[in-house]
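Here is the structure we will look at.
The values are calculated or read from the model by the stated rules, or taken from the named source; none is laboratory data. In this text the structure is predicted, and so the values were computed from the model without any measurement. We place every Cβ from the backbone using ideal geometry, glycine too, and count neighbours over all the protein chains shown. With ligands, DNA and RNA removed, areas are computed over all heavy atoms of the protein, side chains included. Shrake-Rupley method; radii C 1.70, N 1.55, O 1.52, S 1.80 Å.
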Amino acid sequence: MNESDSIKEMDNLHGFSQDSEAKRLYEDRQKYLHDEASKLESAKMAGVKQVAKNLLEMNLELTIIAKATGLTEQVIKNL
């Protein structure tokens, strides 16, 4: 983003602060995007944990599972 874009963005944000309905809509949209990102992250983590469980059932070593999934050995032990 260049300086001109930054100035335009600041002007847009200033305009939002003057219009309470636009500000509310903006905040609602930000909350929605944050909630969606949280849901996706939770789903991703559930998938990673399921893969770790499957690898445990295959009797792979904890260090290998940890390296493959990015989970700590302690988290894997607790699965």
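Name the residues in segment 56-72 that are open to solvent by less than 70 Å² (accessible area, probe 1.4 Å) and among the polar types (S, T, N, Q), would you?
Hit for segment 56-72 is 69, nothing else.
Give just the number: which of (1) over 19 Å from the mean Cα position of the chain (by Cα); (2) at pLDDT 95 or above does residue 71 not satisfy?
Unmet for residue 71, out of (1) over 19 Å from the mean Cα position of the chain (by Cα); (2) at pLDDT 95 or above: (1).
Go through the residues of segment 19-39 one by one and say whether even a single one is within 14 Å of the chain's Cα centre (by Cα), surrounded by 11 or more Cβ atoms within 10 Å (Cβ to Cβ) and of a type outside the set (Val, Ile, Thr).
no
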